[in-house]
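The values are calculated or read from the model by the stated rules, or taken from the named source; none is laboratory data. Quick caveat: nothing in here was measured; it's all calculated off a predicted structure. Don't worry about glycine lacking a Cβ; one is built from the backbone with ideal geometry, like all the others, and counts go over all protein chains shown.
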Amino acid sequence: MLKKHFIDDSLKELNYICQKVGDIIVYIGTVARQRRWIINNVATVLYQQQVRAIYRKIELPNYGIYDEKRYFIPGRKFLIIDIDGMRLGTSICGDIWIKKGFVIEKQAQLGARLNINLSASPYYANKIQQRIDLLKEQASRYDTYISYSNLVGGQDEIVFDGGSMVISPEGKIIAAAKQFEEDLLIVDLPRDRLKAKIPTVQANYYHVPLELNEKDRAFYKGRIEKFYRKEEEIYQALLLGTRDYIYKTKFQKTVVGLSGGIDSALTATIAVDALGKENVSAVFMPSRYTSTISREDAYELASNLGINIIEITIEKIFQKYLLTMQKIWGKIPFDKTEENLQARIRANILMALSNKNDWLVLAPGNKSEIAVGYTTIYGDMVGGFGILKDIYKTLVYRLAGFRNNQAGWKIIPERIIKKNPSAELRANQKDTDSLPSYSVLDNILQEYIEKDNSLYRIVENSGLDVKTIIRVIQLVDNNEFKRRQAPPGIRITPKSFGKDRRLPIVDGYRIDFYVQPCEFD
C-alpha cells in the first residue's frame, strides 16, 4: 500500500474489469487515491462499463493484525444506491464490527433496506459463529437485509474462510456459501421489502440513482451451506492455508522430517491432504537416541499416507561434530549443546534436500513448544512454513484423532498418538522432563498469551501451582528472540505469534524482576 506503482496497477486492473461489466451491478473492493499519499479503502460500484459510485470505508480497525490507519484515511460519507425505488447501503468489513454497526445503523436510518458488506475477515477458530451472531443482531435491530460477502483464501499466515451469507431483517440466514472454498451464491430478495423507507435522520452521504435493465427469469431461493465446527473447521483452515501458501509462493513439492512423533505425523498428514501425496516427501534421520518404535511408527505413517520416505542416519556426522568440538569443550558434561547439534544436523540435511530438489521444508513445531522455546533455533525450527505454529499441543492430539475418525481407520498410527512425547535427543528423554504436562502448559499459555492475563489473574483463574505458572511465564518471555526467527504459520487463534502479539526482544518488563526465578520440582 505504500508503493505508488502498486496503487497505479490496482487502478489499471479496476479499469480493465470495469470495461467488462454490462447490465449487472458489481461491487469490488479496492483502493482509491485522492492525492498521492491520501489513500482510502473503498468499495467501487460498477455498472455498464462505468464506475458509478465509490464508498470510502469509515471505520478503520487498528489492533491485532490490523494496521489500516497506517495506510488509509477514513471516509466521511455514507453511500446510498437507489435502484427503481429500492435503496441499498454499502459497508466494508470493520464497518459492521466497530461501534456496534454504526455505519449500518445510519444507512438504515437513511432508508436502506439492504446493506452490501464487502469483507476480508481473517479466520480464527469459531469466528464464523461470532459473525453470524453479529449479523443477525444488526439485521434485526436495524430492520435490514445484510449481504455479507467474505474473501476466501490464504495470504501468508492469515486464512480468509469465505462463508458469505445473506441475513433477513428477522435475523435469519436465508442464504449461505461454502466455507474455505470459492463459491457462487445467488439469491433473490422480494422487491417490496427493499423499497426505500422514509429517512429518519439527516446525514452526510452520497445518493446514486441507477436503473436496471431487468429480464424475466426464475426466482432463486437461496441455498444454505453447512458451516464447519470444532476440529473439522480448524482442519479445513489448515488445509487452505497450507495449499495457498505453497502454491502462491510458487512451490509445488514439500519435505517433512519424520521423527515418529505426533507433530511431524500431523504435519505430513495435513500436507498430503492439502497438496496430494505426490507432492510430499519424508525424511527419517535416526541417531543413537532414536528408538526402534520411532522408526517403525515413521515408516508406518509414510506407508499409510502413500509418501516416499528417505532414511539418512546422522550418527556418523554427529560423531564427527563431537570429536571436533570436544577438543575445545574438554570435559564439560553432556548437555543441551549436544542435543541441539543433532537437531541442527537434521536441519542441514533437510535444507540440502530443499535446495537440490526445490522442496519447501515444513517445520513441525506447535504453539506450545514455540511459546516456551522448547525447540532448537536453526534446528527443528528450520523450514519455509510451519503448519502447526498456532496449534497448541493438546489440540494437535485432537486433530490427529479427528483425522483418524474422519478416515474411519488409523491413518496416524495409534501408537504415535498414545506414546509419551519425546525429542529423543538424549537417552530416555521425555518432554515432561523439561515441561509440565501439556494440559497444564496449554492452560497457562492460553491465559498468558491469548487473554493477556497477569500472573495473579492466572493463579486465580487456573488454580495451578504458582511456581509452575511463574516458570512458564519466564520461558515465554525469554524466548521472544526464537519466535522472531520461526517460519510463518497459519493463524488459528485470536492471538497468534506475529502481528497479533508484537513485543520487543529487549524487554525490561519481565516477571524475572519482581519474582525470584525458580525451577520445576
Report whether or not ASN405 is out of contact with any Lys or Arg (no Cβ under 6 Å at 6 or more places or on another chain), assigned to a loop (DSSP other than H, G, I, E, B), surrounded by fewer than 20 Cβ atoms within 10 Å (Cβ to Cβ) and not acidic (Asp, Glu).
no
Tell me which of these VAL382 doesn't satisfy, since it passes every other one: (1) out of contact with any helix residue (DSSP H, G or I) (no Cβ under 6 Å at 6 or more places or on another chain); (2) closer than 21 Å to ILE490 by Cβ; (3) of a type in the set (A, V, I, L, M).
(1)
Which residues, taken from region 338-368, are of a type outside the set (Gly, Ala, Ser) and within 18 Å of the chain's Cα centre (by Cα)?
LEU362, PRO364, ASN366, LYS367
Only one of THR493, THR468, THR432 is among the hydroxyl-bearing types (Ser, Thr, Tyr), in a loop (DSSP other than H, G, I, E, B) and either surrounded by 14 or more Cβ atoms within 10 Å (Cβ to Cβ) or assigned by TED's automatic domain parsing to the domain that holds THR249 (or both). Can you tell me which?
THR493
Out of ILE234, ILE246, ILE262, report the one residue that is β-branched (Val, Ile, Thr) and over 24 Å from ALA407 (Cα atoms).
ILE246
I want to confirm something. Restricting to region 408-429 and keeping residues that are modelled with pLDDT of 95 or more and assigned to a loop (DSSP other than H, G, I, E, B), which single residue is surrounded by the most Cβ atoms within 10 Å (Cβ to Cβ)?
ILE412
Given the criteria within 24 Å of TYR63 (Cα to Cα), β-branched (Val, Ile, Thr) and in contact with a helix residue (DSSP H, G or I) (Cβ under 8 Å, 6 or more places away or on another chain), does ILE128 qualify?
yes
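This table checks each residue for (1) surrounded by fewer than 16 Cβ atoms within 10 Å (Cβ to Cβ); (2) of a type in the set (Phe, Trp, Tyr).
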| site | (1), (2) |
| --- | --- |
| LYS20 | yes, no |
| VAL42 | no, no |
| LYS57 | no, no |
| GLU68 | no, no |
| TYR71 | yes, yes |
| PRO74 | yes, no |
| MET86 | no, no |
| PHE102 | yes, yes |
Of all strands (runs of 3 or more DSSP E) completely enclosed by region 1-103, which ones contain at least 2 residues that are farther than 14 Å from ILE116 by Cα, modelled with pLDDT of 90 or more and touching a strand residue (DSSP E or B) at 6+ places or on another chain (Cβ under 8 Å)?
26-35, 38-47, 50-56
Got a sec? Which of LYS250, LYS316 is under 26 Å from the mean Cα position of the chain (by Cα), outside the structural domain of GLY163 (by TED's automatic domain parsing) and free of Cβ contacts under 8 Å to residues at least 24 places away in the same chain?
LYS250
Conditions (1) surrounded by fewer than 18 Cβ atoms within 10 Å (Cβ to Cβ); (2) closer than 30 Å to LEU240 by Cα -> GLY94 fails only (1)
